[in-house]
Amino acid sequence: MCHTDDHGHDHHEHHHHPHDMSDALDTDTSVALDLSIDDSELSPTQLSRRGLFRSAGIVGGVTALGMAGVTPAMADGRDDDHHGSGGDVRHWLAGDHHIHTQHSSDAMYRVYDQVQHGAAYGLDWMVITDHGGATHARIGVELVNPDIRAARELLPGTLVFQGLEWNIPSAEHGTVFVAPGRNEVAVLKQFETDYDGSVNGTSANSPANEAQALAGITWLGRQVDRRRVDDALFLANHPARQGIDSPHEIRAWRDADPRIAIGFEGAPGHQAAGLPAGVGAGSARGFYGGSPNANSFPGYPLESYRTWGGFDWMTATVGGLWDSLLAEGKPWSISANSDSHTNWGDTSRRPTGGDFNTDGRYGDPVYSGGVNLTAGDYWPGLYSRTHVGASKRDYLAVMRGLRDGRVWVDHGHLVKGVEVTVRERGRRSGVSLGDTLRARRGTRVELVVRITAQDLPNWAQFQPALRRVDLIRGAVDPGHADSRRDTFVAPDTKVVQQWDTSGRTGTFEIVHDLGRVDDAFYVRLRGTDGNRSQPGFLGAAIDPEGPALDVVGNADPWIDLWFYTNPIWVVPTR
């Protein structure tokens, strides 16, 4: 693996103070990690948490959480065998955690419309995420819940979560959702009332507002600890769109409670917006057509305000911000979603009459007699999918799979299946996406990739062809961003191998020697139909054939298809 010293980009510091990790931890976690406090002085929750940390080998102080490869699977003691077990994935369930309905002021569909279409397009799970705001906090959370419960009854094969799109204080939007239960409405309503930036006037960029976002994440974790809900998750949406999610804010969200804050959209919704005028909206793919504003992080380049092959710049850039997070040895997942509001090719419209601010919703959509070719969205599942490895087909298993990072994403149904394992040479089993292989130093390890090629037409009526798979590798340095929480490059990460998969059909396997384990590292994969590529943002030496910068007004999403996987870490033991 080659090492690169510098990419020639300045690392501007944000005008806010970075958050210290210990300040972001909740009290129970901090106490559990403090070995100067005897076990006998701990509460049952603190004692349980210390036991989990001991089983993962990470007690001894707050800084121990920064060790290489502290994945969720290790942190709760599920990976005691250092060779791993390949996880407990029995199902790969496709889903979408970012969907709007008539309960959003800028959307129009019934819950059932979205869920029925998503199920027809192959989704197993969906999250309804109407916009947070004063009206939604006042009546919208309660109003949408009966519709969600009805959809669960009418389409029992589809998992339908209730969530909301959080106006993150001092930042962009995010998905927040909880496991179904008697308190799902109460918890979401209280969260929105107390912590939504629009509701509380905390949207502007300031240290106090940043702290409010951390408080909201911590509060969600307490609701799980107190058993008000069985689980809760937060993922940041369209993170680079306005440039207002600074690197240190993203790190602070993750560190505030890694059980709750688990990732961001690797690819935004609104993919149809890039279709050229006459066929589509003639806008920017993902509606990423903006420029810096007063709240934007000044270090981000202008190219970050565009998508690259339909993916957010933070994910699409090899050695970029996503990699800078992974290089710390901490999990951070990506997703791909529809962000469906009004869908391209639809023949319905909002009815006339009514007042959204009074009613908290629009009336049911009605047939329009025409086809909408200027909308920027696709129905859930039609184009973007987030695949989650789950032990069974239920709500908590999907949330567990997301938290564990057992995730890969694709556009346009590029492939039918992707399975990735890292194992010691000579062994049949290993660890899968989101996990960590701990191997004795000097042990030779290998990557096994099993891909099932697409054999059916997608919803644009052609059969996609996977033409190339790229292996991306980066070194793990737990102190990578300790002193500069606003860093957004990982200088050691690069594309290290490319495989031509043209003409491959059925299920095929790639086995690649990763060498001997000397230092901690991670690997991740991406694949493409090969139609549009260019050297990556950090240069051809880092990424010779990355996704191309999308052209505003002319970025047909169907001729530019990619898949991405979450990482696997490898950590040496003595």
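Couple of notes before you dig in:
- Test for Ala273: is it among the hydrophobic types (A, V, I, L, M, F, W, C) and either in contact with a Phe, Trp or Tyr (Cβ under 8 Å, 6 or more places away or on another chain) or at pLDDT below 95 (or both): yes
- Of the residues contained in segment 382-390, one or more are found to be closer than 24 Å to Thr101 by Cα and among the hydrophobic types (A, V, I, L, M, F, W, C).
- Scanning segment 444-468 for residues that are in contact with a Lys or Arg (Cβ under 8 Å, 6 or more places away or on another chain), assigned to a loop (DSSP other than H, G, I, E, B) and crowded, with 17+ Cβ neighbours inside 10 Å yields a total of 2.
- Here Ile334 meets the list (1) β-branched (Val, Ile, Thr); (2) out of contact with any helix residue (DSSP H, G or I) (no Cβ under 6 Å at 6 or more places or on another chain); (3) surrounded by 16 or more Cβ atoms within 10 Å (Cβ to Cβ) almost entirely, failing just condition (2).
- Residue satisfying all of: in segment 270-322; of a type in the set (Phe, Trp, Tyr) and in a strand (DSSP E or B); nearest to the chain's Cα centre (by Cα) among these: Phe311
- Condition met for Ala490 (surrounded by 22 or more Cβ atoms within 10 Å (Cβ to Cβ) and small (Gly, Ala, Ser)): yes
- Comparison of Ser170, Ser203 shows that the only residue that is under 30 Å from Val489 (Cα atoms), in contact with a Gly (Cβ under 8 Å, 6 or more places away or on another chain), small (Gly, Ala, Ser) and surrounded by fewer than 21 Cβ atoms within 10 Å (Cβ to Cβ) is Ser203.
- Of all residues assigned to segment 208-218, none qualifies as being touching a residue at least 60 places away in the same chain (Cβ under 8 Å), under 13 Å from Ile260 (Cβ atoms) and in contact with a strand residue (DSSP E or B) (Cβ under 7 Å, 6 or more places away or on another chain).
- Taken over segment 332-354, residues that are at pLDDT 95 or above and farther than 30 Å from Val279 by Cβ amount to 2.
- Among the residues here, Asp477 qualifies as surrounded by 14 or more Cβ atoms within 10 Å (Cβ to Cβ) and in a loop (DSSP other than H, G, I, E, B).
- Any hit, segment 153-163, residues being surrounded by fewer than 24 Cβ atoms within 10 Å (Cβ to Cβ) and over 29 Å from Gly381 (Cα atoms): no
- Residue that is hydroxyl-bearing (Ser, Thr, Tyr) and touching a helix residue (DSSP H, G or I) at 6+ places or on another chain (Cβ under 8 Å), where the choices are Thr505, Thr487, Thr443: Thr487
- Residue in segment 297-311 that is of a type outside the set (A, V, I, L, M), under 24 Å from Asp435 (Cβ atoms) and either surrounded by 23 or more Cβ atoms within 10 Å (Cβ to Cβ) or modelled with pLDDT of 95 or more (or both) present: yes
- Residue in segment 177-188 that is of a type in the set (Val, Ile, Thr), assigned to a helix (DSSP H, G or I) and under 23 Å from Asp113 (Cβ atoms) present: yes
- Just so you know, in segment 317-376 the residues that are charged (D, E, K, R) and without any contact (Cβ under 8 Å) to a residue 12 or more places away in the chain include one that is nearest to Asp435 (Cα to Cα), and it is Asp359.
- Among the conditions (1) more than 30 Å from Lys189 (Cα to Cα); (2) modelled with pLDDT of 95 or more, Arg403 misses just one, which is (1).
Condition check ((1) under 19 Å from Tyr383 (Cα atoms); (2) at pLDDT 95 or above; (3) in contact with a strand residue (DSSP E or B) (Cβ under 6 Å, 6 or more places away or on another chain)) across all residues:
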| residue | (1), (2), (3) |
| --- | --- |
| Asp470 | no, yes, yes |
| Ala481 | no, no, no |
| Asp486 | no, yes, no |
| Asp492 | no, yes, yes |
| Thr501 | no, yes, yes |
| Ala520 | no, yes, yes |
| Gln534 | no, yes, no |
| Asp560 | yes, yes, no |
| Tyr564 | yes, yes, yes |
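- Val229 satisfies every condition listed in (1) outside any helix (DSSP H, G or I); (2) farther than 27 Å from Ala336 by Cβ; (3) of a type in the set (A, V, I, L, M) except (2).
- Scanning segment 174-196 for residues that are out of contact with any Gly (no Cβ under 8 Å at 6 or more places or on another chain) and not β-branched (Val, Ile, Thr) turns up Gly174, Ala179, Pro180, Gly181, Arg182, Asn183, Glu184, Ala186, Lys189, Gln190.
- Residue among Leu538, Leu514 that is within 20 Å of Ala267 (Cβ to Cβ) and at pLDDT 95 or above: Leu538
- Segment 162-176, residues that are charged (D, E, K, R) and not in a strand (DSSP E or B): Glu172
- If the condition is being in contact with a strand residue (DSSP E or B) (Cβ under 6 Å, 6 or more places away or on another chain) and not basic (Lys, Arg), then segment 246-268 contributes Trp253, Ile260, Ala261, Ile262, Gly263, Phe264, Glu265, Gly266, Ala267.
The values are calculated or read from the model by the stated rules, or taken from the named source; none is laboratory data. This one's a predicted model, so the numbers in the text were calculated from it and none came from an experiment. Counting neighbours? That spans all protein chains shown, and the Cβs are built from the backbone with ideal geometry, glycine included.
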